[in-house]
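First up is the structure itself, then whatever we jot down about it.
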Amino acid sequence: MTMDPVVFISVPHGGAAGNMLRCGLIRRLLDAHPRCECVVLSPLVKDQAFTAEFQRPRVTFEDLPPHRLDGLEGRLMALIQASYIDSGVTESVKIRRQEAMAKRSIRWIRAKRLIASALAPSIARHASRYALIDRVISHPWADRLFDRYQPVLLVTSSPGLIFSEIPLLRTAVRRRVRSIAVDPSWDNFTNKLLPVRRTDRLVVWNDLMKEQAAAYHGYRPQDVRVAGAPQWDLYFKDGTTAPRDAFFRQIGADSSRKLITLTTTPRELYRHHDHVLRVLVRAMESGAWRHEVQLLVRLHPRDELDAYAAFEGAPHVIIEKPFRSTVRAGDGLAVDVTAENQRHLANTMRHSDVVVNVASTLAIEAAIVDTPVVNIAFDAEAPSEWVRSARRYYRFTHYVNITRYGAVRVADTPEQLVGAIGGYLDDPSLDREGRRRVVLEQCQFFDGRSSDRVAMSVVEMLEEACEVSAPPLAATGRRAGAP
């Protein structure tokens with residue numbers, strides 16, 4: 001190849017910036033290939049702090065606009081969606097179907113699947129779900145972008161589950177540009193309302209996800225790389241953990257009290273964290289536990305501070321949303337997950353005495369540092385119907401891999417929540433073996449070099465695309481034993 005190779009890197013929101021860019025992907029690509037150029041495609045390019053952080057020679061920035069599914073694309077995508085969720089491929093998908101029927105958010109599911117089977121049977125097959133829609137739908141702005149830069153490789157932050165990345169992936173298929181997806185989440189293969197797309201290469205956290213990609217989405221095992229979760233590297237590196245007193249001063253906490261941390265979820269998934277917080281405040285004020293405690297409420301990026309205004313200034317209650325505000329992305333997210341945000345989270349998990357949440361990935365991060373977790377399985381004062389209740393989350397395919405090891409306590413009532421927290425405050429070693437087994441399965445690598453393995457996978461794809469050899473990145477990791 002005579003041209004300098006260009007790599008498109010899609011960063012659709014601040015979460016992807018934390019998972020990919022801040023794990024050193026650009027630097028490693030530029031170091032691996034002396035003539036490689038990177039084009040960062042992101043709505044965050046309108047944020048001067050973001051571009052300043054990643055500005056360097058051979059790096060260019062382009063906007064990534066939002067994308068809506070409408071017209072013929074929307075109708076074809078509805079057929080793909082109906083065919084997938086009506087298949088009941090996992091327990092999570094079955095539950096998602098029940099949710100959609102109850103909310104009337106997706107109509108005529110069975111009819112759409114029958115139409116697809118009759119008129120476009122490729123939609124119902126793993127390997128060809130998106131073949132028809134990719135042939136008939138194009139995106140002029142993406143075509144112009146590909147014409148301008150002539151990329152040899154597209155790197156995305158998900159296998160087609162973020163709408164703003166769909167035009168890039170589709171154009172790559174139409175242009176025969178190789179693609180690699182760095183999957184950011186443990187539930188993308190089992191829990192979504194759309195099936196993932198087939199990319200030329202897929203990078204996942206662990207062997208379990210690799211098996212799911214093959215079984216449910218038709219990936220060939222040789223096209224999936226297991227790298228670990230790069231955003232968790234800092235848990236396994238020296239220098240991440242701040243002293244407890246220093247961390248408590250940072251968040252305005254009392255170092256003489258134990259810390260119970262409530263981590264929230266997007267409000268569309270669970271709207272009752274204010275009720276849970278009232279339960280915790282009453283327990284703290286009534287002396288329900290044998291220890292003096294304080295409460296830290298860590299808001300999800302998609303949660304709103306206004307929802308907790310009633311607790312502002314309450315004794316021993318700290319509420320934080322520790323992210324940098326930035327431009328609003330196509331999916332509505334308006335925060336950037338910086339390296340300092342990631343360190344702050346790691347210290348929050350390390351120095352909390354108990355973490356409370358609703359079926360969150362943070363159960364894994366807490367387990368890494370051996371912090372007990374209590375999961376919420378109740379709703380407001382009155383229970384919601386099952387398809388709208390927190391109870392359903394504990395049957396989801398991905399989260400069963402937490403509960404089956406006994407790594408967490410699941411509280412079906414406020415009384416159980418208070419009791420489980422008290423048990424962990426009295427004896428933090430409870431369920432330690434379950435937490436250890438979760439870490440072994442989900443993290444798989446404990447050397448703090450998952451970022452290197454992700455970079456190696458991308459560099460490998462670049463070499464294949466350019467048909468040249470680049471200096472290898474040495475990054476091997478231990479895959480057995482405890483961290």
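Residue by residue, here is whether (1) among the acidic types (Asp, Glu); (2) surrounded by 22 or more Cβ atoms within 10 Å (Cβ to Cβ); (3) within 25 Å of Asp207 (Cα to Cα) holds:
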| residue | (1), (2), (3) |
| --- | --- |
| Thr413 | no, no, no |
| Val418 | no, no, no |
| Gly423 | no, no, no |
| Glu441 | yes, no, yes |
| Phe445 | no, yes, yes |
| Ala455 | no, yes, yes |
| Glu460 | yes, no, yes |
| Glu464 | yes, no, yes |
## Note on the structure
Counted residues in the stretch 30-46 being at pLDDT below 95 and touching a strand residue (DSSP E or B) at 6+ places or on another chain (Cβ under 8 Å) come to 2
### Query
under 28 Å from Arg388 (Cβ atoms) and either open to solvent by 10 Å² or more (accessible area, probe 1.4 Å) or in a helix (DSSP H, G or I) (or both), is that true of Ala52?
no
### Task
Would you mind telling me which numbered condition in (1) part of a loop (DSSP other than H, G, I, E, B); (2) of a type outside the set (D, E, K, R); (3) open to solvent by 30 Å² or more (accessible area, probe 1.4 Å) Leu333 fails?
(3)
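Let me confirm something: among Glu340, Glu312, Glu285, Glu292, which residue is touching a Ser or Thr at 6+ places or on another chain (Cβ under 9 Å), farther than 21 Å from Val358 by Cα and at pLDDT 90 or above? Let's see the steps before the verdict.
On the way: Glu340 fails: touching a Ser or Thr at 6+ places or on another chain (Cβ under 9 Å); Glu312 fails: touching a Ser or Thr at 6+ places or on another chain (Cβ under 9 Å); Glu285 fails: touching a Ser or Thr at 6+ places or on another chain (Cβ under 9 Å).
The unique qualifying residue is Glu292.
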### Flag for Arg271 being in a loop (DSSP other than H, G, I, E, B) and out of contact with any strand residue (DSSP E or B) (no Cβ under 9 Å at 6 or more places or on another chain)
yes
### Task
Identify all residues within the stretch 1-42 that are among the small types (Gly, Ala, Ser), open to solvent by 10 Å² or more (accessible area, probe 1.4 Å) and closer than 16 Å to Glu165 by Cβ; write none if there are none.
Gly15
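Out of Asp238, Asp187, Asp254, report the one residue that is acidic (Asp, Glu) and under 30 Å from Lys103 (Cβ atoms).
Details: Asp238 fails: under 30 Å from Lys103 (Cβ atoms); Asp254 fails: under 30 Å from Lys103 (Cβ atoms).
The unique qualifying residue is Asp187.
So which residues in the stretch 395-408 are surrounded by fewer than 21 Cβ atoms within 10 Å (Cβ to Cβ) and not aliphatic (A, V, I, L, M), if there are any at all? Spell out the reasoning first.
Start the filter on the stretch 395-408 by keeping residues that are surrounded by fewer than 21 Cβ atoms within 10 Å (Cβ to Cβ), which leaves 395, 397, 400-401, 403-406.
Matches in the stretch 395-408: Arg395, Thr397, Asn401, Thr403, Arg404, Tyr405, Gly406.
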### Message
With β-branched (Val, Ile, Thr) and in a loop (DSSP other than H, G, I, E, B) as the only criterion, which of Val45, Val89, Val7 stands out?
### Response
Val89
#### Entry: Candidate set from the stretch 89-124 (those that are more than 23 Å from the chain's Cα centre (by Cα) and within 12 Å of Pro195 (Cβ to Cβ)); member that is least open to solvent (accessible area, probe 1.4 Å)
Ile123
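Please tell me if Ile180 is open to solvent by less than 30 Å² (accessible area, probe 1.4 Å), of a type in the set (A, V, I, L, M) and under 25 Å from Ala82 (Cα atoms).
Details: open to solvent by less than 30 Å² (accessible area, probe 1.4 Å): yes; of a type in the set (A, V, I, L, M): yes; under 25 Å from Ala82 (Cα atoms): no.
Taking the combined requirement at face value, the residue does not satisfy it.
Condition first: of a type outside the set (Asp, Glu), open to solvent by 30 Å² or more (accessible area, probe 1.4 Å) and out of contact with any Leu (no Cβ under 7 Å at 6 or more places or on another chain). Now tell me which residues in the stretch 191-224 satisfy that. Show your work before the answer.
Going through the stretch 191-224, the residues of a type outside the set (Asp, Glu) turn out to be 191-199, 201-206, 208-210, 212-222, 224.
Now restrict to residues that are open to solvent by 30 Å² or more (accessible area, probe 1.4 Å): 192-193, 198, 208, 210, 214-216, 220-222.
Within the stretch 191-224, Leu193, Arg198, Leu208, Lys210, Ala214, Ala215, Tyr216, Arg220, Pro221, Gln222 meet the criteria.
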### Message
Within the stretch 92-115, take every residue that is small (Gly, Ala, Ser) and part of a helix (DSSP H, G or I) and give me the one that is farthest from Val387 (Cα to Cα).
### Response
Ala111
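Test of understanding: among Asp86, Asp134, which residue is closer than 27 Å to Glu385 by Cβ and open to solvent by less than 40 Å² (accessible area, probe 1.4 Å)? Walk me through how you get there before you give the answer.
On the way: Asp134 fails: closer than 27 Å to Glu385 by Cβ.
Unique residue meeting the criteria: Asp86.
It is to be established whether one or more residues within the stretch 285-296 are part of a strand (DSSP E or B), free of Cβ contacts under 8 Å to residues at least 40 places away in the same chain and in contact with a His (Cβ under 8 Å, 6 or more places away or on another chain). Step through it out loud before you land on a result.
Filtering the stretch 285-296 for residues part of a strand (DSSP E or B) gives 293-296.
Adding the requirement that they be free of Cβ contacts under 8 Å to residues at least 40 places away in the same chain leaves 295.
When the remaining residues are screened for being in contact with a His (Cβ under 8 Å, 6 or more places away or on another chain), the result is 295.
Checking the stretch 285-296: at least one residue is part of a strand (DSSP E or B), free of Cβ contacts under 8 Å to residues at least 40 places away in the same chain and in contact with a His (Cβ under 8 Å, 6 or more places away or on another chain).
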### Task
Could you tell me which residue of the stretch 341-394 is surrounded by the fewest Cβ atoms within 10 Å (Cβ to Cβ), considering only residues that are within 20 Å of the chain's Cα centre (by Cα) and polar (S, T, N, Q)?
Asn341
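Out of the residues in the stretch 229-247 that are of a type in the set (Phe, Trp, Tyr) and under 17 Å from Asn341 (Cβ atoms), which is surrounded by the fewest Cβ atoms within 10 Å (Cβ to Cβ)?
Phe247
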#### Entry: Meets criteria (in contact with a Pro (Cβ under 6 Å, 6 or more places away or on another chain) and either β-branched (Val, Ile, Thr) or closer than 22 Å to Val454 by Cβ (or both)) for Arg197
yes
### Task
Go through the residues of the stretch 144-160 one by one and say whether even a single one is surrounded by 21 or more Cβ atoms within 10 Å (Cβ to Cβ) and at positive phi.
yes
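The values are calculated or read from the model by the stated rules, or taken from the named source; none is laboratory data. The shown structure was predicted, so the numbers you read here are calculated from the model rather than taken from an experiment. Cβ atoms come from the backbone with ideal geometry, glycine included; neighbour counts cover every protein chain shown. Heavy atoms of the whole protein, side chains included, go into the accessibility calculation; ligands, DNA and RNA do not. Shrake-Rupley method; radii C 1.70, N 1.55, O 1.52, S 1.80 Å.
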